[in-house]
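Structure first, commentary second.
The values are calculated or read from the model by the stated rules, or taken from the named source; none is laboratory data. Owing to the predicted nature of the structure, the values given are computational and were not obtained by experimental measurement. So basically every Cβ, Gly included, is an ideal-geometry build from the backbone, and we count neighbours across all protein chains shown. Surface accessibility is based on the protein's heavy atoms, side chains included, excluding ligands, DNA and RNA. Shrake-Rupley method; radii C 1.70, N 1.55, O 1.52, S 1.80 Å.
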Amino acid sequence: MFAAPKPSSTSPSADPSERHVTMKTSDHPDHGSAFAPVDHRMAVAAETTRFVSVVKDADLATAVPSCPGWTLADLVKHTGSVQRWFSVLLRARIQEPPRKREVDLRLPDQENEYADWLGESATVAAEAFAATDPTLPMWAWGADQHARFWARRMLFETLLHRVDAELALGLRPTIDRPVAVDGIDEFLVNLPFAAFFAPKVANLRGADKTIRFRASAGDDEWLVRLRPDGFGLDTTRPTTEPADATVRGTAADLLLLVYGRLSYDAEVLVHEGDEDLLTHWFANSAF
């Protein structure tokens, strides 16, 4: 038995009792329902297949700049471990924060077998998905207290680290637009709950300041409101209301932005408005 990964950039599983950010009723967790639906379970399998193809013949000692201190081997091990850990949680139908983080990873002794092991991890996840009704009430660290939370979270764990692997190998990542839109929403909906493993999130407060993220080639956008007592998505205000700061780009680039894989002043993005507000947001929203 191995200890599952500790909470990291995209795999929190600790006790949420330490949350410090207040989420108001206007910050409704069902915001994602406005967007095209994504089959998270199928997408986990598809993203894992892409990930495996990227690392299959790669040198796993290659450094991963977007995950400082990690190699491709670390990236693969982390992603497969998370998939297996979340699968354990799904099979257990947990109703409270897990007190232990142990799972039989079945990790190969040889790193040249890691890619196949990652593919097998997705199979373990698919079996857990098949055995679990996505609408089943379950404990989750984020907004959605149902089994579907874990499939959605697993998808973006896998996708972001597939992107990390591609960046490390000098490849140009691509992300399907509906998945990218869903990923931005998943990140922003759950970020107010992340302070227990990303403590800087507690600094995301302001005197009724707003940031709009607007995806090009469509009308998808998100308005985040910072209040003295916390922050969250604001779905109650008209989209025509001006924001204090706005960032525009493709959905894929916005997804990479919110996860810290792009800077808001990157050439592929356009930003306007209160630059100090943007600096404050991105300095404290990473996890």
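Kindly provide the set of residues from segment 196-208 that are assigned to a loop (DSSP other than H, G, I, E, B), surrounded by fewer than 21 Cβ atoms within 10 Å (Cβ to Cβ) and touching a residue at least 60 places away in the same chain (Cβ under 8 Å), ordered by number. Working first, answer last.
Step one: of segment 196-208, the residues assigned to a loop (DSSP other than H, G, I, E, B) are 197-198, 204-208.
Filter again for surrounded by fewer than 21 Cβ atoms within 10 Å (Cβ to Cβ), leaving 198, 205-208.
Selection gives 198, 206.
Sort through 61, 45 and tell me the only one that's within 18 Å of the chain's Cα centre (by Cα) and either open to solvent by less than 60 Å² (accessible area, probe 1.4 Å) or modelled with pLDDT of 95 or more (or both).
Numbers: 61 fails: within 18 Å of the chain's Cα centre (by Cα).
Just one listed residue meets the conditions, 45.
Mind telling me which of the residues 269, 233 ends up being within 21 Å of the chain's Cα centre (by Cα), under 16 Å from residue 182 (Cα atoms) and of a type outside the set (S, T, N, Q)? Lay out the reasoning, then the answer.
Working: 269 fails: under 16 Å from residue 182 (Cα atoms).
Every option except 233 fails the conditions.
If the Cβ limit is 7 Å and pairs must be 6+ apart or interchain, which residue in segment 45-68 that is on the phi < 0 side of the Ramachandran plot and in contact (Cβ under 8 Å) with a residue 24 or more places away in the chain pairs with which residue that is assigned to a strand (DSSP E or B) and surrounded by 13 or more Cβ atoms within 10 Å (Cβ to Cβ)?
Going by the 7 Å Cβ cut-off, the qualifying pairs are 60/71; 62/71; 63/71; 64/71.
Would it be correct to say that residue 164 is assigned to a loop (DSSP other than H, G, I, E, B), at pLDDT 95 or above and either touching a Cys at 6+ places or on another chain (Cβ under 6 Å) or acidic (Asp, Glu) (or both)?
Values: assigned to a loop (DSSP other than H, G, I, E, B): no; at pLDDT 95 or above: yes; either touching a Cys at 6+ places or on another chain (Cβ under 6 Å) or acidic (Asp, Glu) (or both): yes.
Spelling it out, it is not the case that residue 164 is assigned to a loop (DSSP other than H, G, I, E, B), at pLDDT 95 or above and either touching a Cys at 6+ places or on another chain (Cβ under 6 Å) or acidic (Asp, Glu) (or both).
Based on this model, can you work out whether residue 193 counts as among the hydrophobic types (A, V, I, L, M, F, W, C), open to solvent by 20 Å² or more (accessible area, probe 1.4 Å) and part of a helix (DSSP H, G or I)?
Values: among the hydrophobic types (A, V, I, L, M, F, W, C): yes; open to solvent by 20 Å² or more (accessible area, probe 1.4 Å): yes; part of a helix (DSSP H, G or I): yes.
It is true that residue 193 is among the hydrophobic types (A, V, I, L, M, F, W, C), open to solvent by 20 Å² or more (accessible area, probe 1.4 Å) and part of a helix (DSSP H, G or I).
Need the failing condition index for residue 242 against (1) farther than 22 Å from residue 177 by Cα; (2) open to solvent by 20 Å² or more (accessible area, probe 1.4 Å); (3) of a type outside the set (D, E, K, R); (4) at pLDDT 95 or above, just the number.
It is condition (4) that residue 242 fails.
For (1) farther than 21 Å from residue 196 by Cβ; (2) in a loop (DSSP other than H, G, I, E, B); (3) open to solvent by less than 50 Å² (accessible area, probe 1.4 Å); (4) touching a Ser or Thr at 6+ places or on another chain (Cβ under 8 Å), each residue gets a yes or a no:
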{"position": "83", "(1), (2), (3), (4)": "yes, no, yes, yes"}
{"position": "96", "(1), (2), (3), (4)": "no, yes, no, no"}
{"position": "99", "(1), (2), (3), (4)": "no, yes, no, no"}
{"position": "108", "(1), (2), (3), (4)": "yes, yes, yes, no"}
{"position": "113", "(1), (2), (3), (4)": "yes, no, no, no"}
{"position": "116", "(1), (2), (3), (4)": "yes, no, no, no"}
{"position": "128", "(1), (2), (3), (4)": "yes, no, yes, yes"}
{"position": "140", "(1), (2), (3), (4)": "no, yes, yes, no"}
{"position": "143", "(1), (2), (3), (4)": "no, yes, yes, no"}
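What's the number of the condition residue 214 fails, among (1) open to solvent by 10 Å² or more (accessible area, probe 1.4 Å); (2) in contact (Cβ under 8 Å) with a residue 24 or more places away in the chain; (3) not in a strand (DSSP E or B); (4) not hydroxyl-bearing (Ser, Thr, Tyr)?
All conditions are met except number (3).
Residue-by-condition table, conditions (1) under 21 Å from residue 143 (Cα atoms); (2) assigned to a loop (DSSP other than H, G, I, E, B):
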site: 224; (1), (2): yes, no
site: 239; (1), (2): no, yes
site: 243; (1), (2): no, yes
site: 246; (1), (2): no, no
site: 257; (1), (2): no, no
site: 260; (1), (2): no, yes
site: 267; (1), (2): no, yes
site: 272; (1), (2): no, no
site: 280; (1), (2): no, no
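For segment 95-106: of the residues being under 17 Å from residue 127 (Cβ atoms) and of a type outside the set (Asp, Glu), which is modelled with the lowest pLDDT?
First, the residues of segment 95-106 that are under 17 Å from residue 127 (Cβ atoms): 103-106.
Narrowing further to those that are of a type outside the set (Asp, Glu): 103, 105-106.
On the way: 103: 90, 105: 96, 106: 96.
In this case the residue turns out to be 103.
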